[in-house]
Amino acid sequence: MAFVQRTGQDTVLRSEKLPVIDIQIDPAFKYAGSTSFILYDICRVEQHHFILADPERRVVRQLWFQFEGYLENNNYTYDYSMDTLSLNGIPFLHSTYPINIEDTRKERPTSDYAHVVDFLQEKGYQLRGDMIAHRLFWLDETLRNELMIIYWEPLDATGYRLSDINEGGLAAAPWTDLSKALEQRSLSSFRVL
């Protein structure tokens with residue numbers, strides 16, 4: 001469904017269908033590889049991961065691209081209620097959210113998130129703790145195929161903890177500003193060609 005093509009200093013993720021798209025990745029990110037699997041026996045998934053890590057191989061910034069489509073054994077469709085944006089004429093839905101890697105891995109041990117954590121650990125990367133994420137979704141006209149882009153980074157770099165920004169937290173109010181800055185860093189890390 002998709003393949004990665006690296007030429008010179010440029011890193012391009014190229015998909016030939018669902019959607020037909022070329023995405024230029026910030027060359028500071030290192031391509032960590034790809035994986036594919038069947039998720040929950042209802043959809044096929046192909047993931048591509050681009051990493052910026054510190055000297056201890058802790059993930060500092062990550063771009064996770066996921067091409068996903070429902071199998072023929074069901075009639076499910078994707079349904080999201082989010083803001084929209086256009087990247088070089090291609091419509092995406094998008095939102096930001098905080099997440100704890102360990103809690104999510106424990107709650108959903110067979111999820112696509114768990115696959116990401118396992119895959120990166122096998123590659124020697126450390127992905128753990130509280131993160132903040134910007135996610136984007138492209139959907140085809142049938143609503144049965146999607147491209148999901150997730151950019152995430154450790155929350156501790158902002159000086160906050162998850163309990164601070166969750167509903168009712170002492171710093172919940174700054175989430176709007178944190179979220180906008182996160183979106184800017186996310187969208188500056190790749191470009192739809």
Report whether or not E146 is surrounded by 20 or more Cβ atoms within 10 Å (Cβ to Cβ), at pLDDT 95 or above, acidic (D, E) and not in a loop (DSSP other than H, G, I, E, B).
yes
Enumerate the strands (runs of 3 or more DSSP E) found wholly within the range 42-117, keeping only those where 3 or more residues are β-branched (V, I, T).
90-100
Residue hits (the range 19-41; farther than 19 Å from P109 by Cβ and assigned to a loop (DSSP other than H, G, I, E, B)) are P19, D26, P27, A28, F29
Taking the range 107-136 and keeping only residues that are surrounded by fewer than 20 Cβ atoms within 10 Å (Cβ to Cβ) and under 10 Å from the mean Cα position of the chain (by Cα), one is left with Y113, A133
Among Y160, Y151, which is the only one that is more than 15 Å from the chain's Cα centre (by Cα) and either in a loop (DSSP other than H, G, I, E, B) or surrounded by 15 or more Cβ atoms within 10 Å (Cβ to Cβ) (or both)?
Y160
Out of the residues in the range 173-187 meeting the condition of being under 10 Å from T96 (Cα atoms) and aliphatic (A, V, I, L, M), tell me which one is modelled with the lowest pLDDT.
L178
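The values are calculated or read from the model by the stated rules, or taken from the named source; none is laboratory data. Owing to the predicted nature of the structure, the values given are computational and were not obtained by experimental measurement. In this analysis, Cβ positions are derived from the backbone assuming ideal geometry, glycine residues included, and neighbour counts consider all displayed protein chains.
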